Structure formats: C-alpha cells, structure tokens
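Below you'll find the structure, written out as structure tokens, and then a few comments.
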Ligand code: N01
C-alpha cells in the first residue's frame, strides 16, 4: 500500500553510499530516515552489474568501508580484486550487521522530488505510488548507474536476447552454442569479453574506441595476507584519507625523463608485472601531466598489445591512438588481449564502419552484416548526472535540476546545488567522486553532510542552501582544474562525450583529495561559508 509519511531524511539509493548514510544519520544522529532503492536487493552498482567477469578493479582491502574497525576486522576478503558476488555479499552483510534493512524500501524507484519553500520540506514520490515528505533529501544514486542505451535503429526488432552489462539479469545467462555480439570496450566490455568468449560458439566484439588496459594480476589471499591486512588497517585507512586519489599509497616522486631508458623500461616492466592501477602513478609522477612522459607509457602498453595479440591487424586495431593513457578511465583486465587469439573471437572496428542498425538476425555496419543469437551492450552510463536528472527533482520556484544543468552540472563542492535547499548529493559532479577510490569519497561526503545537519540542529536552523556566488566560484575552479587535466584530452564519460548532445564538461573535480578535503573542512569551520542558513548568508 502506498505510504504518506514525514521523515527527517530521505536517502535515494542503497549502495555503498546509501547504506553508510542510513547508518550515520539514523544510528549516530538519531534521525528518522527512509531509504528508497530501485533494485530488489541492496548493493547499488554491485547489485546491477552482475555480468560475467564483473570484478572490482580497486583492491579489496581498501575498496571497503573504513568507518567501523569491527567490520574491517570481521570481514575476510578472498583475494586481491573481489568479484561482484563477493562485494554484493559484503554489502548485504553490512545491511544485516547494522540492522539497516528495516529502513530500506526495496523495489521502489524515486520518480520525483519537489521542494516546498513554505514548509521547508521535500515531497518525494515513488513509482509505487508513495508520497512522503522529508526535511532533507540525500541522493546516494551513484555516479555510474543510469545505463546508456544507445539509440541504434532496429534494437527492438532483434529476435535474440539482448543484455546490458549495467542491468544484468539475476539468473545466470548461458551463451553456450550461441553467436554473441558485444558492443563496447570500456571496463565492463573488457571484463566480460574473456568470460563470454570462453562460453559462446563465437564472440564478435564491436569496438568504437580501443582502451589502454593493464593486467589485473588477480590472486587469492592466503591467511597470512589477510592477517597482514587486518594488522595494517589503521595505517591503510589513514593513507586512503590523505592520498591524492584515495588509495593507500602516495605517488612516487620520480619523473620519467629523470632515469635512463633501460631503468625506465625496467620500472615499467615491474609495474606491468605487478598489475592494476598503479601503472598510472606508481612508477612516475608525471604520466598525468607531461605528454612526452605519457606517450612513453602509452607506447609501452601498445607494444605489450602487439606482443600479446598474434594477428598484427587485430593488434593494431586494439592499440589506442589519439588520446593519452589515463585520459579515459583505465580498465584493468584478466586475459583481455589474449582472448583475441582465440579462433572463436572476432574484433570489428565500428569507428571505421559505424553500426547502422540492429536487424532481426544480427547487426549491420556500414560495410558488413553479422548474424547473431545474442547481443550484449557494454555501452556504459549517462555518468555523474544521469541518475540525478532522470528523476524529476525540482527546487525553489519549481525549477527542474535537469534545466538548471542544461549547460552542464554546476554545484557547490559537488554537495549542493543553488536553488535546491536541503538537497545533498553524495559524490555529486564537482566533487572528486570517480577520481577517488569511491568508498573514501562516499565516507567523506556522508560525514560532512552529517556534521552539517548536526550543526543546523544545534543552531536551530532548518534550511541550508548554497549561494549562487559560492557555486559559480566553485564551478569555475572545477572547470579550470578540469580543463588543465588529462581528462579533458579524450572523449569519455568523464566529459559526457559518450552521450549524444550532453554538454562537454569535465564533471568530477580533478584537484585531488587533499585540496578538496581541506576546502570542505574550511567551509565547515567557517560556519558553512558559501551557504545560506535559514535566510542568512554565511
Ligand atoms: O562504460 P564505458 P563501462 N556504438 O563508457 C562504447 C566503471 N566500471 O560500463 O569509447 C558503439 O567506459 C564506448 O565507445 P567510445 C569504471 O569507472 C568499473 O565499460 O565511446 N560503441 C565504450 O567502448 C568505468 O570507466 C568496473 O567510443 C558504443 C563502451 O561502449 C565505468 O564504470 C567495471 C556506443 C562504454 O564504455 C564505465 O565503464 C566496469 C555506440 N552507440 C565499469 N555507445 C570495476 O571493475 C557506447 N559505446 C570497478
């Protein structure tokens, strides 16, 4: 039955962010909280992205919550990069351990939220017919959660099964004996390719832009690895909160050109053998800043692709050109390039001959037709803004968030939007978000929001809103830092380039965690500078 209730806080989403927000607001601030979650289970991104090969590409022992030392000590990670089911189990354990389920309404999508200026309350509507009110609305919708369904003619007429990595069915999918087409070669496509190839009769990978992928080098943990991690958690978590990207390491202070060529090669070989994200910043400090240094690392990866893939034409097609390594979010993989040596795998370049249509029996490009039994779209997300603008969120004067952001998202610290009082956006655009290890970014935001709500309560305030001036100054700073960064130099979801018509803006804040944290803390310490509290600007 549809509900009508009033809450202190409504949280949208029960992934990493929503679960922690519920615990923090309910159990520490003693607020009356309701979480709405569209999925029929908790986990957010780790609920929906259950495609074959889905595995975290940050390492388990720091891609996790740090807020509870007891939780960290009792949970055992099985290996370096947990697969989707293990992270989903972890998040379900968190939901049980902190007794979160009773305040989470599953299978319920928030469709609209409108701010009532007079009552200083949000009215929230769901697809189940609920209408509830809340003093604060907190979005925990994830940065990569609104699937991008490409607008390809004929998609509805395809006779076979169609899958999206971003909303994979719960029941296992069996591709045995099938001719499968996979569109998209970002992190999801790169993880799914080897797994589907091992099962299908034939896999055709439709690639528009090749990616620089580094081997993951996954390994199971031994009990001594687990003991070492648990002993080191205090230091690990302290480092994740102070390092540039939320990893428990500081980048090395060594420039690419400062070492002789043979030594440079040995360092890159070592990083390649070690595997993972460290390749970008674990060897040299300047890959993200100096184009010449970046090109050395980029060419190193291309040469690895050429060494691995036996057919020279396929190898060359897989080699990224025209944008620097790291400008697109770098994937890491297990046997991705090796998979193209299999007899049952074909790579098709759809940048040279674009996809024209899906037909009832397959896919047609400008130059050829491919007969397929199943289609997999690993085509990514309307990142950072899609999950927010697809809800009908309306602030003061009935202004829609989608309209306020029609030229690209503008926020104050990625936490609030001028004209949308009492709305907080966890890991919103304009915050480091996807450029940080996500659980670290999430915990910092939830803690900041909780402190802010507590401050309002202590000061007898019921309303907080970012000023236009503070938002403009922050948005300018985000744009300046973003434009100067590596991320401006490729067409990626970081800049909205994957969604036709989306304004091109570097959406995450590229200034790094230390500067961002310092700024958030300074704003707090100045009594929420740049915000208006109950009508008075601070
Ligand atoms: O999505 P993507 P993703 N016709 O946008 C192609 C995180 N993640 O789901 O590059 C043909 O990266 C598109 O081509 P192009 C991670 O942050 C994490 O793979 O736009 N092709 C691209 O190749 C990641 O970065 C994990 O030219 C089309 C692909 O589809 C983010 O999620 C695992 C097309 C989309 O790549 C997104 O990754 C997975 C079209 N019409 C993901 N439209 C972890 O392990 C799009 N493409 C933690």
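Determine whether region 198-211 contains at least one residue that is under 19 Å from the mean Cα position of the chain (by Cα) and closer than 23 Å to residue 368 by Cα.
No, region 198-211 contains no residue that is under 19 Å from the mean Cα position of the chain (by Cα) and closer than 23 Å to residue 368 by Cα.
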- [ ] Say whether the condition of being within 16 Å of the ligand (Cβ to nearest atom) and in contact (Cβ under 8 Å) with a residue 60 or more places away in the chain is met by at least one residue in region 113-134.
- [x] no
Task: From 305, 358, residue being at negative phi, in contact with a helix residue (DSSP H, G or I) (Cβ under 6 Å, 6 or more places away or on another chain) and either assigned to a strand (DSSP E or B) or modelled with pLDDT under 95 (or both) - done: 358
Task: Qualifying position, being farther than 18 Å from residue 188 by Cα and touching a residue at least 24 places away in the same chain (Cβ under 8 Å), among 53, 44, 39 - done: 39
- [ ] Hey, can you tell me all the residues within region 311-328 that are free of Cβ contacts under 8 Å to residues at least 60 places away in the same chain and assigned to a helix (DSSP H, G or I)?
- [x] 312, 313, 314, 315, 316
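Would you be able to tell me the number of residues in region 137-173 that are in a loop (DSSP other than H, G, I, E, B) and either within 14 Å of the ligand (Cβ to nearest atom) or touching a helix residue (DSSP H, G or I) at 6+ places or on another chain (Cβ under 7 Å) (or both)?
Qualifying residue count for the region: 15.
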Open item on the list: Quick check on region 329-350: of everything there that is within 25 Å of the chain's Cα centre (by Cα) and either in a strand (DSSP E or B) or near the ligand (Cβ under 10 Å from one of its atoms) (or both), which residue is nearest to residue 493 (Cα to Cα)?
Closed with: 329
Task: Residues that are more than 18 Å from residue 152 (Cβ to Cβ), more than 8 Å from the ligand (Cβ to nearest atom) and either out of contact with any helix residue (DSSP H, G or I) (no Cβ under 8 Å at 6 or more places or on another chain) or in a loop (DSSP other than H, G, I, E, B) (or both), drawn from region 491-503 - done: 496, 503
Open item on the list: Based on this model, can you work out whether residue 421 counts as over 30 Å from residue 355 (Cβ atoms), in contact with a helix residue (DSSP H, G or I) (Cβ under 8 Å, 6 or more places away or on another chain) and not in a helix (DSSP H, G or I)?
Closed with: yes
Task: Unmet criterion (only one of (1) part of a loop (DSSP other than H, G, I, E, B); (2) within 16 Å of the ligand (Cβ to nearest atom); (3) under 20 Å from residue 330 (Cβ atoms)) for residue 488 - done: (1)
Task: residue 240, sole failed condition from (1) surrounded by fewer than 16 Cβ atoms within 10 Å (Cβ to Cβ); (2) closer than 28 Å to residue 72 by Cβ; (3) in contact (Cβ under 8 Å) with a residue 60 or more places away in the chain - done: (1)
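The values are calculated or read from the model by the stated rules, or taken from the named source; none is laboratory data. If you're wondering where the values come from, they're calculated on a predicted model, not measured in any experiment. Backbone-built Cβ (ideal geometry, glycine too); neighbour counts: all protein chains shown.
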